[in-house]
Amino acid sequence: RLCFQTKAVVSTQSTGEKKEKVEFILEQMRLCFQTKDYIRTSIISKKISTKYFESKDSEELKLRYYRQMIELNLHHKDHLAVSKNYYEIYTTPTIKEDDAKWKEALQRVVIYLILSEYNNEQSDMLARIKKDSNLSKLPYYQNVLMCFDTAELLNWSILKEVYSKHLKSSTGEAPSPLDKEENWDELQKRVVEHNIRVLAKYYTRISLSHFSNLLHLDTKEAEKRLCEQVVKGTVTAKIDRLDGIISFSKPKDTEEVLNAWSGNLNSVMNLIGNCNHLITKERMVHQVS
């Protein structure tokens, strides 16, 4: 009987209110932050299902959770994850009701999104954010976001001169992320990477000197940045160091090569058939004459 009662107590505690569980886990995360135990914080954070925050009475806990996740992802320098965290804050009804708060959240969504490395996930989120109607109320943030969405070369000096003042300002109490010089350095890298993708789109062959001039970098640095993008799989390129030529042509897979060979073979056989027909026709004409 004693054993049965003990099991019943444990069972009752394990099926407690979800709200209490979430509060307990959030407190654990806060304590881990204080001890700077980011690995344990990351493990604990996965115990919370974000589906819980879909209920209306969980907005306060939702904001606490995503603010802590922002701190965690900033430590790991995962800018895309930070942008997503701010987007969840931005879409919270209580934040949407306060102009200053939603503007601050949306500003940070844009800033951390353009600081993120390019990939399919980042590109999809950029396409989603640019359709947000509230973005038109932040014209400078809308314009800088569109710069990274268009297949045109960006001039870093002009971009910094035009947008630095506005991107450094913040509608909230906290300073803008671009107040830090290290984030400007990161943004400059994203501009260079964007320009490399644009050049890969419009060029099949380009000289290394011209390539570096378009990127506003010296030859050695331009080659280094290009190699980084090739390793990441963002672009496909080969460098002929002897001739100083960069080729952006993509290697064909086996199926494409076979299809091309089959097409060429069919063309050759058609030409042979036409030649044979013309030769036979000429012979018949000669025999008649």
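List of remarks:
- Selected residue (criterion: most open to solvent (accessible area, probe 1.4 Å)) from residues of the stretch 177-229 that are farther than 16 Å from residue 77 by Cα and outside any helix (DSSP H, G or I): 205
- Across the stretch 47-66, the number of residues qualifying as exposed (fewer than 14 other Cβ atoms within 10 Å of the Cβ) and assigned to a helix (DSSP H, G or I) comes to 6.
- Unmet criterion (only one of (1) open to solvent by 90 Å² or more (accessible area, probe 1.4 Å); (2) touching a Pro at 6+ places or on another chain (Cβ under 8 Å)) for residue 236: (1)
- Tabulated pairs, the stretch 34-45, first of a type in the set (D, E, K, R), second at pLDDT 90 or above, C-beta under 7 angstrom, 6+ apart or interchain: 40/32
- All of (1) closer than 23 Å to residue 117 by Cα; (2) touching a residue at least 40 places away in the same chain (Cβ under 8 Å); (3) hydrophobic (A, V, I, L, M, F, W, C) hold for residue 230 with one exception: (2).
- Selected residue (criterion: surrounded by the most Cβ atoms within 10 Å (Cβ to Cβ)) from residues of the stretch 93-146 that are without any contact (Cβ under 8 Å) to a residue 60 or more places away in the chain, within 18 Å of residue 165 (Cβ to Cβ) and in contact with a Phe, Trp or Tyr (Cβ under 8 Å, 6 or more places away or on another chain): 110
- Within the stretch 259-285, residues that are part of a helix (DSSP H, G or I) have Cβ atoms under 9 Å from residues that are open to solvent by 90 Å² or more (accessible area, probe 1.4 Å) in these pairs: 260/252, counting only partners at least 6 apart in sequence or on another chain.
- The residue list 26, 61, 80 contains one member that is of a type outside the set (Gly, Ala, Ser), touching a Ser or Thr at 6+ places or on another chain (Cβ under 6 Å) and touching a residue at least 24 places away in the same chain (Cβ under 8 Å), which is 80.
- Among the candidates 39, 25, 44, the residue that is under 18 Å from residue 71 (Cβ atoms), open to solvent by 60 Å² or more (accessible area, probe 1.4 Å), modelled with pLDDT of 50 or more and assigned to a helix (DSSP H, G or I) is uniquely 39.
- Residue 83 vs. criteria among the small types (Gly, Ala, Ser) and closer than 24 Å to residue 142 by Cβ: yes
- Test: residue in the stretch 109-120 that is more than 15 Å from the chain's Cα centre (by Cα), assigned to a helix (DSSP H, G or I) and modelled with pLDDT of 90 or more: no
This table checks each residue for (1) under 17 Å from the mean Cα position of the chain (by Cα); (2) in a helix (DSSP H, G or I); (3) at pLDDT 95 or above.
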site	(1), (2), (3)
101	no, yes, no
145	yes, yes, no
161	no, yes, no
164	no, yes, no
170	no, no, no
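- Residues in the stretch 151-180 that are farther than 26 Å from residue 217 by Cβ and hydrophobic (A, V, I, L, M, F, W, C): 174 only.
- Any hit, the stretch 257-264, residues being of a type outside the set (Ser, Thr, Tyr), over 24 Å from the mean Cα position of the chain (by Cα) and on the phi > 0 side of the Ramachandran plot: no
- Selection from the stretch 73-92 of residues that are open to solvent by 60 Å² or more (accessible area, probe 1.4 Å) and part of a helix (DSSP H, G or I): 74, 75, 84, 88
- The stretch 51-87, subset in contact with a helix residue (DSSP H, G or I) (Cβ under 7 Å, 6 or more places away or on another chain) and of a type in the set (Asp, Glu), residue farthest from residue 18 (Cα to Cα): 71
The values are calculated or read from the model by the stated rules, or taken from the named source; none is laboratory data. Note that the structure is predicted; figures quoted are calculated from it, not measured. Note that we place each Cβ from the backbone using ideal geometry, even for glycine, and neighbour counts take in every protein chain shown. Only protein heavy atoms, including side chains, enter the accessible area calculation; ligands, DNA and RNA are left aside. Shrake-Rupley method; radii C 1.70, N 1.55, O 1.52, S 1.80 Å.
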